[in-house]
Amino acid sequence: MKRAPAPDPQAAAARRSAAAGLRAWLVGLLLLPGWCGAVDFTADERARILSHGPWPPVRVADASNRADGQPEAIELGRRLFTDRRLAASGELACSSCHDPARGFQDGQRFTRNHRNTPALFDLAFARWYGWDGAQDSLWAATLRPLTATDELAVTPQQVMRLLRADAGLHTAYRQVFGAPPATERVLVDMAKALAAYQATLVSPRTPFDDFRDALARGDLAAADRYPPAAQRGLKLFVGEARCWFCHTGPAFTNGEFADIGRPFFTRQGADPGRWGGLKQLLASPYNRLGPHNDAGADDPQAVATRHVTMEPRHFGEFKVPGLRGLRATAPYFHDGSAATLDDVVDHYADLDETRLHADGERILRALRLTPEQRQDLVAFLATLSAP
């Protein structure tokens, strides 16, 4: 039997070098203008696409909530989320309005103050909470519906009765927070446990994420599997439609507030939006500057609260929502006035610019999209949800 020739180190090195050169050429082909996929993206457009990932991003723990990230607190919050005993009426729970099957939303146009119920995915990455940003932490945003008289309306006395009646719940509370006090702090603790649970609600990866990651690593074959209509819509999103100005980053939101030309008058009067939210935030004993912040002055996110100011331009501004998981969370906008993604795109395509604030730099303008462009933009937005 003939012995196999010994491997040639030089030949093996040459093959590895050629393979590396081929990979580098393919990546270069992808990143150069004129890549012949379904759509040609400019260098700036590709950079913007890559800025929307990777997903999920690394999360920084909330220093103001000592329960954040604790497995025992997360489990306690998960139990409380569906517990109707936490409501004064015994008929509501957090899950009543935040249905997991609907992306933790309720599918209604609005249920309170003529505002659409926000979904709960990806809240761990936010800086302000609520359509008007009246809370600056997830636990404070959770405390509001717990104590609001037209929602759960729970009191410290009711929580103490619940803990005395349920030994398992009492033990779980003590593991996280110690002995329960018969003061408002027991409500804050409940809100912090619920916030610890909500912080784990991260939306799943999507077809867009697969395309974005393929683009990042130079995988032409994988990138080409992204639907052509979605690619054309994505090019509009990061290009001439300028959607990316406000819907930035992996969560597709800058986390701030904007006037997008939606009416803010209701049967109850004008909805002040961010202006009213700031008024509530600065007066709240539960903001990051207050005594319930577990990090105190060491909380790095307290700086934002310390330096916000109320200005007339904030009237009628509402939070820029993240765009992940859109297909499960209709209707859209702060007032739930857009029933479908087509309605959302139509609003921006035919935007009435006379409704926008006249002061400062105007980012929004009527897009005047063709019917095909509208369909492409909707096709892209649909890929921000898991199949």
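The values are calculated or read from the model by the stated rules, or taken from the named source; none is laboratory data. Because the structure is a prediction, the values reported are computed rather than measured. Using ideal geometry, Cβ is built from the backbone for each residue, glycine included, and neighbour counts are taken over all protein chains shown.
Some observations on this one:
- Those residues of region 168-204 which are surrounded by fewer than 17 Cβ atoms within 10 Å (Cβ to Cβ) and among the charged types (D, E, K, R), in sequence order: Arg174, Glu184, Arg185
- The set of residues in region 82-100 that are in a helix (DSSP H, G or I) and either more than 25 Å from the chain's Cα centre (by Cα) or of a type outside the set (A, V, I, L, M, F, W, C) (or both) comprises Arg84, Arg85, Leu86, Ser95, Ser96, Pro100.
- Check on Met190, in contact (Cβ under 8 Å) with a residue 40 or more places away in the chain and assigned by TED's automatic domain parsing to the domain that holds Arg79: yes
- Those residues of region 70-124 which are surrounded by fewer than 20 Cβ atoms within 10 Å (Cβ to Cβ), under 29 Å from Gln157 (Cβ atoms) and among the small types (Gly, Ala, Ser), in sequence order: Ala87, Ala88, Ser89, Gly90, Ala93, Ser95, Ser96
- When residues in region 213-257 are screened for being among the basic types (Lys, Arg) and under 22 Å from Tyr348 (Cα atoms), 3 of them pass.
- Test: residue in region 151-161 that is touching a strand residue (DSSP E or B) at 6+ places or on another chain (Cβ under 9 Å), assigned by TED's automatic domain parsing to the domain that holds Ser95 and under 30 Å from Arg84 (Cα atoms): yes
- Residues that are surrounded by fewer than 19 Cβ atoms within 10 Å (Cβ to Cβ), at pLDDT below 95 and charged (D, E, K, R), drawn from region 243-280: Arg262, Arg267
- Among the candidates Gly336, Gly322, Gly290, residue that is assigned to a loop (DSSP other than H, G, I, E, B) and either without any contact (Cβ under 8 Å) to a residue 24 or more places away in the chain or of a type in the set (Lys, Arg) (or both): Gly290
- A search for C-beta distances below 8 Å between a residue of region 354-374 that is assigned to a loop (DSSP other than H, G, I, E, B) and any residue that is surrounded by 10 or more Cβ atoms within 10 Å (Cβ to Cβ) and modelled with pLDDT under 80, counting only pairs 6+ apart in sequence or on different chains, returns Leu356/Arg362.
- Of all residues in region 228-240, those satisfying the criterion of being crowded, with 17+ Cβ neighbours inside 10 Å and more than 18 Å from Leu50 (Cβ to Cβ) are Ala229, Arg232.
- Only one of the numbered conditions (1) assigned to a helix (DSSP H, G or I); (2) surrounded by fewer than 21 Cβ atoms within 10 Å (Cβ to Cβ); (3) touching a residue at least 60 places away in the same chain (Cβ under 8 Å) is violated by Arg127, and that is (1).
- Which numbered condition Gly133 fails, given (1) surrounded by fewer than 23 Cβ atoms within 10 Å (Cβ to Cβ); (2) in a loop (DSSP other than H, G, I, E, B): (1)
- Taking residues in region 141-170 that are without any contact (Cβ under 8 Å) to a residue 40 or more places away in the chain, and partners anywhere that are of a type in the set (Asp, Glu) and assigned to a helix (DSSP H, G or I), the pairs with Cβ atoms closer than 6 Å and at least 6 places apart or on different chains are Pro156/Glu184.
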